[in-house]
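The structure appears right after this line, and notes come after that.
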Amino acid sequence: MKYALFTKEGNLKIVWDNKSQLGLDDGNFIVDVEDDFEMMGYITSYDFNTKKIVQVEEDLSVLPGQSEVDLENLRNQRNKLLDESDWTQMPDIPKSKRDTWKSYRQELRDITKTYQSPDTVVWPTKPL
């Protein structure tokens with residue numbers, strides 16, 4: 001026997017084989033399920049009217065593919081580097097230094113035109 005922990009709204013949180021390890025708080029409740037109960041690949045909820053678990057197969061086609069995930073990770077790393085260098089464009093920074101960093105920052109913005117993954121990217125060198 002396994003145990004499914006649902007939120008008070010009827011959304012599945014976790015399935016566990018040890019009932020005593022499931023925490024009941026904020027109106028959560030536990031439902032006994034069979035050992036072969038599967039939650040992966042399904043959107044699972046509890047129907048309060050029928051007092052039954054409802055599972056709808058999840059449409060995995062809407063999930064991003066590896067190339068989209070890689071590109072998003074690349075953008076996140078790039079954005080972090082841009083954020084870290086924002087200070088270089090403040091008006092109190094000497095123009096020559098601003099211009100040097102401006103080129104570096106433009107190379108960062110253009111990185112997704114050349115690279116699609118953080119695993120293969122060659123990052124521009126930060127100015128001194």
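The values are calculated or read from the model by the stated rules, or taken from the named source; none is laboratory data. From a predicted model like this one, the values you see are computed outputs, not experimental measurements. Cβ sites come from the backbone with ideal geometry, for glycine too, and all protein chains shown count toward neighbours.
For the residues 98, 109, the requirement of being touching a helix residue (DSSP H, G or I) at 6+ places or on another chain (Cβ under 8 Å) and within 28 Å of residue 69 (Cα to Cα) singles out 109. Can you confirm whether region 36-48 contains a residue that is over 27 Å from the mean Cα position of the chain (by Cα) and either closer than 23 Å to residue 63 by Cβ or not aromatic (Phe, Trp, Tyr) (or both)? Checked against the condition, which is being over 27 Å from the mean Cα position of the chain (by Cα) and either closer than 23 Å to residue 63 by Cβ or not aromatic (Phe, Trp, Tyr) (or both), region 36-48 yields at least one hit.
Residues being at pLDDT 85 or above and within 30 Å of residue 116 (Cα to Cα) are represented in region 57-67 by at least one member. Counting only residues that are in contact (Cβ under 8 Å) with a residue 40 or more places away in the chain and basic (Lys, Arg), region 77-128 holds 1 of them.
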